[in-house]
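Structure first, commentary second.
A short reminder: the numbers here are calculations on the coordinates, not readings from a lab. Owing to the predicted nature of the structure, the values given are computational and were not obtained by experimental measurement. Reconstructed Cβ throughout: ideal geometry from the backbone, glycine too, with neighbour counts over all protein chains shown.
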Amino acid sequence: MHDRDGYRIEVLDSSHDRDQFQCGVKVLDEYLQRRAGQDAGRRVAVPYVLVDEASTVCGFYTLSQLAVRLVDLPQGMVERLPRYPLVPATLLGRLGVDRRLQGQGFGQLLLVDALRRSHAASQEVASFAIVTEAKDEESAGFYVAHGFCRLASRERTLFLPMATVARLFA
Ligand SMILES: CC(C)(COP(=O)(O)OP(=O)(O)OC[C@H]1O[C@@H](n2cnc3c(N)ncnc32)[C@H](O)[C@@H]1OP(=O)(O)O)[C@@H](O)C(=O)NCCC(=O)NCCS
């Protein structure tokens, strides 16, 4: 759990009110309202929510695992890795902040929380990098502003090496 002025970040559960959540991207709002709980139940994603004192959801993100093809990583990085076809990674699947609260540092708060949890988990189950899929250039900009690099083969897929994350939390 992470507190900031009465806000907390916790795993989504039925006590959280997400009916009014609007981040400006309809598919993300609908995902949170209709599918996030199912994904959690099926163990394909863990949704984390930023909630206020009334347990109203103000932001969210999801974490899962995925495998990245070695050939999709930058050459300089591949040279330092074993010749496995796939490397393990952590997927930051979705991230959104309610419109009312955008531009106040909550997106960054959620991202740092996701990095912290991903790093902690990677000390138990290895993960080479945190990967995310930006829905458009504007959201790609948010990740690039926070140090993410683009996969050469797919411009909207961004990643941050876990070694970089580890240095942040050292
Ligand atoms: C992208 C999003 C999560 C950012 O949340 P936010 O709370 O508005 O962002 P913050 O206030 O925490 O911004 C933190 C920093 O990132 C920067 N930033 C925010 N959005 C940015 C963007 N699109 N491009 C570049 N930088 C961006 C801010 O300028 C700020 O920089 P600073 O610390 O130097 O001032 C939010 O706008 C959102 O929910 N958008 C709709 C959904 C979306 O696009 N999700 C992205 C994943 S698909």
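One chain, two ends: Ala163 and Thr56. Fully extended at 0.36 nm per residue, the span grows by 35.1 nm beyond their Cα-Cα distance.
By definition, a body whose alpha carbon gyration tensor gives a ≥ b ≥ c is oblate when a/c is 1.5 or more and a/b is not larger than b/c, and the stretch 88-170 fits this oblate description.
With a ≥ b ≥ c the root eigenvalues of the C-alpha gyration tensor of the stretch 1-41, is it rounded (a/c under 1.5), prolate (a/b larger than b/c) or oblate? It comes out oblate by the Cα gyration axes. Within the stretch 26-103, the GluC sites (Glu not before Pro) that combine a DSSP coil assignment with at most 14 other C-beta atoms in a 10 angstrom radius are Glu53, Glu79.
Counting other C-beta atoms within 10 Å, and keeping those with at most 13, which DSSP coil GluC sites (Glu not before Pro) do you find in the stretch 122-170?
Working: sites: Glu124, Glu133, Glu137, Glu138, Glu155; in loops: Glu124, Glu155.
Passing both the DSSP loop test and the Cβ count: Glu124, Glu155.
Close amide H partners of Leu91, meaning residues 5 or more places away or on another chain with modelled amide H under 5 Å apart, are Ser64, Gln65, Leu66, Val131. In deg cm²/dmol, rounded to 500, what helix-only [θ] at 222 nm does the chain give when every DSSP H run of at least 4 residues adds -39500 (n - 2.57) and the total is split over its residues? Helix-only estimate at 222 nm: -7500 deg cm²/dmol. Our summary of shape: the Cα atoms of the chain have principal axis extents of 50, 33, 31 Å, ordered from largest down, in whole angstrom. Segment Leu70..Ser14, full-extension length gain: 16.3 nm, with 0.36 nm per residue of separation and the alpha-carbon distance subtracted. Relative to the longest principal axis of the Cα atoms of the chain, the long axis of helix 106-122 makes an angle of roughly 50 degrees. Here the chain is treated with +1 on each Lys and Arg Cβ and -1 on each Asp and Glu Cβ, and its dipole about the Cα centre works out to around 580 debye.
Which longest uninterrupted range of the chain lacks any trypsin sites (Lys or Arg not before Pro) assigned by DSSP to a loop state (not H, G, I, E or B) and surrounded by at most 11 other Cβ atoms within 10 Å? Provide the component values of the computation, followed by the final result.
Numbers: sites that count: Arg42, Arg43, Arg80, Arg83, Arg154.
Here the longest run is 84-153.
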